[in-house]
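Taking it in order: structure first as structure tokens, then the write-up.
Only the coordinates and a few stated rules stand behind these numbers; no lab work does. These figures come from a predicted structure and were not determined experimentally. Cβ placement follows ideal geometry from the backbone for every residue including glycine, while neighbour counts extend to all protein chains displayed.
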Amino acid sequence: DNRAWTIEKLQSFSNFSPEAARVVYRQLSFGASGRVDPEVLENIRKFLIEFNIVSKERIPPLSQLYVGGLAP
């Protein structure tokens, strides 16, 4: 429910640029549990790389994109 907070956390946890964090935020959809589908997250990761929003060297692997390293 808090767009600004979520975008700031995406930037701080994943080192996304402000633009990349906004793109990711628009693609995320949270269920009642607050968890994100790993397939959706991987699609976003690939999109960011393919469209040169984040370089492949700078974006962490999917296994590191979960808070605490825990997959849903």
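For the reader, a short list of remarks on this structure follows.
- Two-site label geometry, I49 and Q27: point separation in nm, points 7 Å out along Cα→Cβ: 1.1
- For region 11-17, putting each phi into the Karplus relation 6.51 cos²θ - 1.76 cosθ + 1.60 with θ = phi - 60° gives couplings of 5, 6, 6, 10, 6, 6, 5 Hz, in residue order, rounded to whole numbers and with x for Gly and Pro.
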